[in-house]
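Asker: Below you'll find the structure I mean.
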Amino acid sequence: MKQHSEIEGVAATTNPGTIAASSPREIELANHLCQQIHDVISGRRFFDKYSVDAMCMRILLMIGAIQGYFREERPDDKAALIENLRDILEGMEECKLYDPEIRSFFLETVRYLETTPLCGSLQRFGWNGEELSEAALRIPTMLCKETQGYYKWLARTFEGPGDIVELGCWMGSTTACLAEGLSQKLWRGRRTIHVYDSFIWRDWMKIYTEDAELLAANMCEGDSFLDYFWSYAKPYRDVIEVHQSVVPTGREQSALQSLEWRAGQIGILVMDLADDRASNEAVWRIFSPSFQSGCTIIVFNQFGNIPAGEVREFCREKNLELVPLHKPCGSAKAFRYQTAANDIGKSGR
Ligand SMILES: C[S@@+](CC[C@H](N)C(=O)[O-])C[C@H]1O[C@@H](n2cnc3c(N)ncnc32)[C@H](O)[C@@H]1O
């Protein structure tokens, strides 16, 4: 007897149960896969783990495992992950799935994992109980809850000198977390949060836009969202300084001012602008002369994301200057800056 699928709006020949799928493409793929699973279970089809479709599913699962590893970076998980990556590379050869992009992603991940030492002293806890105000929680965000708590904790507990720099604020969620942490400091002195963004709307941002007001605005590619940022960030206006500017990577022309830094020492820098090498290098060129050795904390918010291989590579190459410090669960990873041993004496820092 044929049953109807409960996948939204699409009829399938068997019942795969309820699946929450978000786009017609996802629904179509889920239906197709469910059909295959049912065929295998009922014996209508033999499951060949080296068939191209099975291989593609294994590749997706492998990517999920890589993502999972970088969320937590548990030292005990590393060896098994490398072994599984080698297995899948062999499997791809065996089933003649010659895809240079997938292969090079896996090879680079293996190389990164093998050449980056385990860091047993990474702090992973301490910020779980942080509470944010209603005003902060209503801001549309690309952060997970734990990372939000981490930013509040970081701003409150950081004892060194210098201002806070936040690169890539979008609607101001990180800004709010940092500002609320700062406001709870017993003595915050005159510390300011310098917030940078182009404030230019891009269509991909819609995925993170659940707020009714923002959805109603129906913004288009290229529109400015600065007014929306201010509508969310108003409660924090006394501690923030906002800079509408772009990273000078030399790739794009922009009427906006290029990112620059004229203030003094930097205590904390949160980088959440982009995951490409050129942006990270430009940011380093502009801000690192104001880092304090043994003191400044730099957070790469996108560090653990799958497409952020260039961020991880950048941090690995700078391992003499970037010492792993905090790992909140999620994509972010924080480092303490130190002057590279071979630079001591050159800069006088
Ligand atoms: C991943 S989002 C940041 C999310 C945000 N930190 C949060 O708390 O939800 C990246 C932000 O960087 C900005 N951005 C991306 N590329 C940029 C560039 N080249 N120059 C300036 N801003 C840029 C985008 O406008 C966007 O707001």
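The values are calculated or read from the model by the stated rules, or taken from the named source; none is laboratory data. None of the values given here were measured: they were computed from a predicted structure. Glycine also receives a Cβ, built like all others from the backbone with ideal geometry; neighbour counts cover every protein chain displayed.
Asker: Hey, among the residues in segment 243-286 that are among the acidic types (D, E) and farther than 19 Å from C315 by Cβ, which one's surrounded by the fewest Cβ atoms within 10 Å (Cβ to Cβ)?
Answerer: E252
Asker: Okay, moving on. Is it true that some residue in segment 256-277 is among the aliphatic types (A, V, I, L, M), touching a Pro at 6+ places or on another chain (Cβ under 7 Å) and modelled with pLDDT under 95?
Answerer: Yes, that holds for at least one residue.
Asker: Please pick out the residue among L122, L81, L118, L113 that is away from the ligand (no atom under 16 Å from the Cβ), within 22 Å of K49 (Cβ to Cβ) and among the hydrophobic types (A, V, I, L, M, F, W, C).
Answerer: On the way: L122 fails: within 22 Å of K49 (Cβ to Cβ); L118 fails: within 22 Å of K49 (Cβ to Cβ); L113 fails: within 22 Å of K49 (Cβ to Cβ).
Going through L122, L81, L118, L113 in turn, just one is away from the ligand (no atom under 16 Å from the Cβ), within 22 Å of K49 (Cβ to Cβ) and among the hydrophobic types (A, V, I, L, M, F, W, C): L81.
Asker: Further question on the same structure: Condition first: modelled with pLDDT of 95 or more, assigned to a helix (DSSP H, G or I) and touching a helix residue (DSSP H, G or I) at 6+ places or on another chain (Cβ under 9 Å). Can you find one or more residues in segment 235-248 that meet it?
Answerer: Within segment 235-248 (the criterion being modelled with pLDDT of 95 or more, assigned to a helix (DSSP H, G or I) and touching a helix residue (DSSP H, G or I) at 6+ places or on another chain (Cβ under 9 Å)), the answer is yes, since at least one residue qualifies.
Asker: Does F335 satisfy the condition of being among the aromatic types (F, W, Y), in a loop (DSSP other than H, G, I, E, B) and under 17 Å from the mean Cα position of the chain (by Cα)?
Answerer: The answer is no for F335.
Asker: From L215, L182, grab the single residue that is away from the ligand (no atom under 14 Å from the Cβ), at negative phi, free of Cβ contacts under 8 Å to residues at least 24 places away in the same chain and in the same structural domain as S331 (by TED's automatic domain parsing).
Answerer: Selected residue: L215, the only one of L215, L182 that is away from the ligand (no atom under 14 Å from the Cβ), at negative phi, free of Cβ contacts under 8 Å to residues at least 24 places away in the same chain and in the same structural domain as S331 (by TED's automatic domain parsing).
Asker: Pairs please, first residue from segment 77-97 and assigned by TED's automatic domain parsing to the domain that holds I66 and surrounded by 15 or more Cβ atoms within 10 Å (Cβ to Cβ), second anywhere and modelled with pLDDT of 95 or more and not aliphatic (A, V, I, L, M), Cβ atoms under 6 Å, 6+ apart in sequence or on different chains.
Answerer: Going by the 6 Å Cβ cut-off, the qualifying pairs are L81/Y69; L85/F106; L89/F106.
Asker: Moving on to the next point. Would you confirm, using the coordinates I've provided, whether G149 is of a type outside the set (F, W, Y), in a loop (DSSP other than H, G, I, E, B) and away from the ligand (no atom under 12 Å from the Cβ)?
Answerer: Criteria not met by G149.
Asker: From the list S173, S224, pick out the single residue that is within 16 Å of the ligand (Cβ to nearest atom), surrounded by fewer than 17 Cβ atoms within 10 Å (Cβ to Cβ), assigned by TED's automatic domain parsing to the domain that holds V270 and small (G, A, S).
Answerer: Step by step, each of S173, S224 is checked, and only S224 is within 16 Å of the ligand (Cβ to nearest atom), surrounded by fewer than 17 Cβ atoms within 10 Å (Cβ to Cβ), assigned by TED's automatic domain parsing to the domain that holds V270 and small (G, A, S).
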